[in-house]
Amino acid sequence: MAGLYAKELMLRGDLARLLIVAPGGLVDQWQDELDSKFGIVATILTRELINASIDADPFAAHPIMIARMDQLARDEEI
């Protein structure tokens, strides 16, 4: 359902950024299914991605991301 909604918003031009927060074990599955079923290419949010981005904003280069719920809960900086 979330994939359908995101795709519809993208087609309308109403979606600029998307962050999906999923349990750690499902992050890869979310990434695969968004790509295969909806043609949405999503990047997995990692500490390395944040550190590599200018001004610590990975959304500038990767507007569609998937984050691990446990990573967000444990890291106050994120």
Give the Debye-formula value of log10 I(q)/I(0) at each listed q (0.13 Å⁻¹), with one equal scatterer per alpha carbon of segment 33-78, two decimals each. -0.32
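In segment 37-78, what percent of the accessible surface is made up of carbon and sulfur (1.4 Å probe, ligands and nucleic acids excluded)?
About 56 percent, which is the carbon plus sulfur part of the accessible surface.
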Which whole-number value in Å² is the accessible area per residue of the chain, probe 1.4 Å? 68
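What does the charge add up to near GLY3, with Lys and Arg as +1, Asp and Glu as -1, over the other residues with Cβ less than 12 Å from its Cβ?
Net charge in that neighbourhood comes out at -2.
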Nearest 10 degrees, 0 to 90: what angle lies between the long axis of helix 27-38 and the longest principal axis of the chain (Cα atoms)? 30
The chain pair-distance distribution - Cα-Cα, 10 Å bins, rounded %: 18, 51, 28, 3
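Run lengths n ≥ 4 of DSSP H only: what is the helix-derived mean residue ellipticity at 222 nm for the chain, with -39500 (n - 2.57) per run over all residues, to the nearest 500?
That calculation yields -12500 deg cm²/dmol at 222 nm.
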Name the longest site-free stretch of the chain, where the excluded sites are GluC sites (Glu not before Pro) in a DSSP loop with no more than 16 other beta-carbon atoms within 10 Å. 1-75
Pick out, from ILE40, HIS62, ILE78, the residue whose Cα sits farthest towards the positive end of the charge dipole of the chain, with +1 on the Cβ of Lys and Arg and -1 on the Cβ of Asp and Glu. ILE40
If one builds a Gaussian network model of the chain from Cα atoms under 10 Å apart, the most fluctuating residue listed among LEU11, LEU49, LEU26 is LEU11
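The values are calculated or read from the model by the stated rules, or taken from the named source; none is laboratory data. No experiment lies behind these values; they were computed from the predicted model shown. Don't worry about glycine lacking a Cβ; one is built from the backbone with ideal geometry, like all the others, and counts go over all protein chains shown. Ligands, DNA and RNA are stripped out before the accessible areas are found, and what is left, the full protein with its side chains, is counted by its heavy atoms. Shrake-Rupley method; radii C 1.70, N 1.55, O 1.52, S 1.80 Å.
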